[in-house]
Structure formats: C-alpha cells, structure tokens
Ligand code: NCD
C-alpha cells in the first residue's frame, strides 16, 4: 500500500487504511517536529506552496514540516506578487511551477481549482483549500486530533457548529468522519446549513444526520464540538454577514452544560466564536490541532514524495 505520487484533492483519494497509516507515521515524527531528533526523508526535495488566499497555519505548518524533514519550499503567500497579477492563468502558473518542485500545495478561492491544477501537472497536487470546497489536510489533522482525544475514531458523538455552508473544513470533515462514525450533528443558522448535496450523500451512505440551529440543546450529548468561523469573505452580500455574525459563542457559561470530557476543536482562525477564557480549560484542543497539523503534514509529505 503506497500513496507515493498521488494527488490529495479530497480525502476520497485515501482509503481508511491509508489514513490510519498517515497517523502512525505522524506519531513517529513527533520528536522531529519538536526539534529533538533530525530527519532527512525529504532531503533534496522541493515543495511549491502556492497560496492565492490568506493562510497562517496551513502554509507555515507545511513549510515547517518540509524543513524539519530536510526539504525546502518555494512559493508565494498572495496572488499579487505572482504573475497572476499580470493576467497569467492558473494553468500556466502550475505548469511553470512544476518545473521547480516535486509537489505543489495549492490554496485558491475557486472551488475545483486543485482538481483542475492536478489535471495540468505531473507532480502531486495537495489541495490546501479550494474556495468553499474542500480542505483535506485540515481534515487529516482534525481526525488525528479526535483519535488522540478519544482513543479511537469510532466511539464518540460529534457536532459541527457554525458556517456549514461556506466552510470547506466541515465539508471535508463531514465526508471523512462518517466513514468511521454512524451519526453527525450539524448545528448552524438556517441560512448557513450544510449544502444539501453533502447531507444527501451522507444519508445515502446510511449516516444519521441531525440538523439544528440550537447549540445549547445539543451540547450535552456531544463528546466533540467542532467550532467554525463564519466565512465572511464568501458572503456575496456583506449585510448578510453583519446580520449573522456572532450567532454562536462558546464560553465557560455555555460549557457548564457539556460533558466533562468534551473536546472543543476549531481549525482556526477564530473571530469571536470561542471566548479566550475557554483556552485554559480542559475542553480546549484547538492549539493541539495546530501542532498536530505539523506532524500530519510531515507524514503526508514523506509518504507522497519522500
Ligand atoms: C480554515 C480554512 O482556511 O478553511 N483555516 C485553516 O486552514 N486552518 C478555516 C477558516 O478559514 O475559517
């Protein structure tokens, strides 16, 4: 079983066994990610990181992962400094960059852009977020964190809350986690519900989907609460965002109703949907997710091009 050379556009590109193999590899990289051991599995390899949208964690954790493994990165963090600003197409950009590197990591505002790029080039393409589409490597680190928090990937009740319409992290996560758990709670304002195609796909696969806007009512049932930001930049009408922002706020008062062992996850960045007072409580797992992002991406890169 090898994922060498494969594109990662959605997690449908990986089997359950391959996902678990990534997690086992990630465990081994922990001392390397902490700077305690050295590794050269990516020696001589170059990763092209093309980010047409803002990013802190995804871009920097990929760069950190590549460097910790002895590889290098090239790329840009905004479209404005690339020839895109001169009118170059995405196709020409990726066809160019593949001459400089062994894999391309792409974040782009357009849904379907990573799949399109993968059709244009020979090197593996990793989708680092395509508009409101998918974000498979975020999901890998989310699954890894859930597995660490609960001991497996099968025995917990999970609720996704926030912007389920535009949030790409929850789109990828909804598909991937329901390969392991039979039921999913979806909590959002009525106008930001999970797209009906995704809910339909999950139902077709026999998943029990519970949709509600009432977080307080569902919270006591959950073992994991996955909180997301309202995706301001994806609203066609800014007035609509203004109306809906601040709908959910996870704070110590709300958490009084939660199970003591609840884990609160968030892909970050947060705006105001989790109060900072939650950070120092045992519920908070979102900065663990940040570290797990490095080791999971180390594992993925080593297995794709190492
Ligand atoms: C997410 C993204 O870009 O989709 N961020 C991330 O990669 N950790 C979530 C978000 O922007 O809300």
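The values are calculated or read from the model by the stated rules, or taken from the named source; none is laboratory data. In this text, all values refer to a predicted model and were calculated from it rather than measured experimentally. Note that each Cβ is placed from the backbone with ideal geometry, even for glycine, and that neighbours are counted across all protein chains shown.
See the values below:
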item: Odd one out for residue 141 among (1) outside the structural domain of residue 295 (by TED's automatic domain parsing); (2) away from the ligand (no atom under 15 Å from the Cβ); result: (2)
item: Candidates 235, 287, filtered to the one that is closer than 30 Å to residue 40 by Cβ, within 16 Å of the ligand (Cβ to nearest atom) and either surrounded by fewer than 22 Cβ atoms within 10 Å (Cβ to Cβ) or at pLDDT below 95 (or both); result: 287
item: Sole residue being over 19 Å from the mean Cα position of the chain (by Cα), more than 22 Å from residue 271 (Cα to Cα) and either at pLDDT 95 or above or surrounded by fewer than 16 Cβ atoms within 10 Å (Cβ to Cβ) (or both), chosen from 246, 200; result: 200
item: Test: residue in region 159-170 that is under 20 Å from residue 22 (Cβ atoms) and in contact (Cβ under 8 Å) with a residue 40 or more places away in the chain; result: yes
item: Residues that are in contact (Cβ under 8 Å) with a residue 12 or more places away in the chain, surrounded by fewer than 19 Cβ atoms within 10 Å (Cβ to Cβ) and under 14 Å from residue 64 (Cβ atoms), drawn from region 14-34; result: 30
item: Subset of region 158-173 that is in contact with a strand residue (DSSP E or B) (Cβ under 7 Å, 6 or more places away or on another chain) and in a loop (DSSP other than H, G, I, E, B) - its residue that is farthest from the ligand (Cβ to nearest atom); result: 164
item: Only listed residue being out of contact with any strand residue (DSSP E or B) (no Cβ under 8 Å at 6 or more places or on another chain), within 16 Å of the ligand (Cβ to nearest atom), in contact (Cβ under 8 Å) with a residue 24 or more places away in the chain and not in a helix (DSSP H, G or I), chosen from 229, 270; result: 229
item: 3 or more residues away from the ligand (no atom under 16 Å from the Cβ), closer than 22 Å to residue 168 by Cα and not assigned by TED's automatic domain parsing to the domain that holds residue 129: qualifying helices (runs of 4 or more DSSP H) within region 1-103; result: none
item: Leading residue by the ranking (surrounded by the most Cβ atoms within 10 Å (Cβ to Cβ)) among those in region 176-193 that are within 15 Å of the ligand (Cβ to nearest atom) and over 17 Å from residue 145 (Cβ atoms); result: 188
item: All positions within region 95-112 that are under 18 Å from residue 10 (Cβ atoms) and in contact (Cβ under 8 Å) with a residue 24 or more places away in the chain; result: 103, 104, 105, 106, 107, 108, 109
